[in-house]
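A quick write-up on the structure given underneath.
The values are calculated or read from the model by the stated rules, or taken from the named source; none is laboratory data. Small disclaimer: the values here were computed from a predicted structure and weren't measured. Neighbour counts run over all protein chains shown; Cβ positions are idealised from the backbone, glycine included. Side chains included, ligands, DNA and RNA excluded: accessible areas come from the protein's heavy atoms. Shrake-Rupley method; radii C 1.70, N 1.55, O 1.52, S 1.80 Å.
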Amino acid sequence: MLLETARKSLVRIIQKRLGKVIKEKQILKGLNFMGLEGENTFTPIHILHNLIEDAKQHNKEMWILLQDIRKAFDSVSMIGVKKALNRIKIYGKLENFILELYTGRRIKIITAGGLTEGFQAEDGIDQGEVISPLIWRIFYDPLLCRIQNTEKGYEMGVERCINLERKENIRETYNTSCLAFADDTMWIAKTDTEMQQIVNKAQEFYKLNDIEINPKKSELVIINKNRTRETSGISLGKTKEKVAEKSQKDLSRFLGIWIGARNQEKNIKNRIKRDISCFIYTIGNKWISAGQIKYLNNKVLLPRLEYRLMTTHLNKDTCDNLYQPIIRLAKRKTGIASSAANILMINEDLIGIKTLWQKHIEQSITEWTIRINDKNLLGQTTRGRLRQAQIDLLSTEPI
């Protein structure tokens, strides 16, 4: 037990120091947003949202393929990991240390009858290892860089005036062909032909590293499809199985949020109603104190709802109407009359329950500050959307 603790502490130190160097020197260029300190799902979700909103506003065609990989971490070969480490100039003792973490591992499977007999794993990286997310990102980075450098993908652009007297404008463009968070990969293209070329190029990498794609769990979303173009879908994986287009009414899930060809506000509100109903059903008949319901509301329910609203903005009346059942539940649990003013539940000196509107506006302001000050693709696409809004509104105010 003591040896295992010391080993994990050492791996954590290596992971922290290696991750710090990689982040400071911007060694990994692929658009994967997991494995380094401070990264989360927020960035790829908002980049994707900016691209989709641009496509919808300008009626531009956009193809999105949500790709599923079968047992991604278990499929990684040690030869591929070694070459990926060498690619970023990791050799010698550090290289051997990382490779030996995954060499000679013995695995046991938990079953209803207990643990099975142990067997030795020949390939794959252990998902429970603290450094594994970073190793996956290093391993996957060559593919993402290769796809991004093909100059295929969706192009978002906006005109910017640099000299008003001479009427000189420049067009800023941001090209995106892939987004990833760990093994959750999204390919983005302008046409079906371009998408198929991206998928074929990616398949070369997967074949080389013996990674298998699952076409049955992959989904294809098309924004503003050109109706004159006949296509039966995208061929994916070793078997070249077709992935058909999702219906315009259907939504697809990416990192916990829902995307689709149409406006999704109504769908999001329905999901929030279901989450609130489920929460009320779970604790409705439980004996809980005011402090417990405050904690469950502020720390459990609201973060879940706010994540669903990451790309959707609701006004105050809508938020208040959606959250009224929670206020009524809190009044009943604390013995306060249902006719009492809601401020009694919200006031920090009394019950201190946060409302959906409070959390929504607080999170929206925080996220906007992060997005507008970001120096990479997230900030570029956000400022591009802002400049486009300035042009549409004929605003002369600086941004």
Residue in the stretch 24-46 that is out of contact with any Leu (no Cβ under 7 Å at 6 or more places or on another chain), within 30 Å of A389 (Cβ to Cβ), in contact (Cβ under 8 Å) with a residue 40 or more places away in the chain and open to solvent by 30 Å² or more (accessible area, probe 1.4 Å) present: yes
Where a residue in the stretch 307-323 is closer than 16 Å to N50 by Cβ and its partner, wherever it lies, is assigned to a helix (DSSP H, G or I), with Cβ under 6 Å and at least six apart: M310/I45; T311/H49; T312/E265; T312/I268
Filter result for V21 (in a helix (DSSP H, G or I), in contact (Cβ under 8 Å) with a residue 12 or more places away in the chain and not aromatic (F, W, Y)): no
Selection count, the stretch 47-63, where residues are touching a residue at least 24 places away in the same chain (Cβ under 8 Å) and in a loop (DSSP other than H, G, I, E, B): 3
Options L66, L101; residue that is touching a residue at least 40 places away in the same chain (Cβ under 8 Å) and in contact with a strand residue (DSSP E or B) (Cβ under 9 Å, 6 or more places away or on another chain): L66
First in the stretch 171-189 and without any contact (Cβ under 8 Å) to a residue 24 or more places away in the chain, second anywhere and of a type in the set (A, V, I, L, M), Cβ under 9 Å, 6 or more apart: R171/V158; T173/M156; T173/V158
Identity of the residue in the stretch 64-78, open to solvent by less than 60 Å² (accessible area, probe 1.4 Å) and part of a loop (DSSP other than H, G, I, E, B), that ends up farthest from F181 (Cα to Cα): S77
C319, sole failed condition from (1) open to solvent by less than 60 Å² (accessible area, probe 1.4 Å); (2) within 20 Å of the chain's Cα centre (by Cα): (2)
Entirely in the stretch 139-191, the strands (runs of 3 or more DSSP E) that have 1 or more residues that are open to solvent by 50 Å² or more (accessible area, probe 1.4 Å): 154-163, 168-176, 184-189
K217 being touching a residue at least 24 places away in the same chain (Cβ under 8 Å) and either more than 26 Å from N376 (Cα to Cα) or touching a helix residue (DSSP H, G or I) at 6+ places or on another chain (Cβ under 8 Å) (or both): yes
Filter result (crowded, with 16+ Cβ neighbours inside 10 Å, among the hydrophobic types (A, V, I, L, M, F, W, C) and either in contact with a Ser or Thr (Cβ under 7 Å, 6 or more places away or on another chain) or over 26 Å from T176 (Cβ atoms) (or both)) within the stretch 79-88: V81, L85
Count of the stretch 292-305 residues which are among the charged types (D, E, K, R), surrounded by 17 or more Cβ atoms within 10 Å (Cβ to Cβ) and touching a helix residue (DSSP H, G or I) at 6+ places or on another chain (Cβ under 7 Å): 0
Matching residues, the stretch 338-353, being part of a loop (DSSP other than H, G, I, E, B), of a type outside the set (S, T, N, Q) and open to solvent by less than 60 Å² (accessible area, probe 1.4 Å): A340, A341, I351, G352, I353
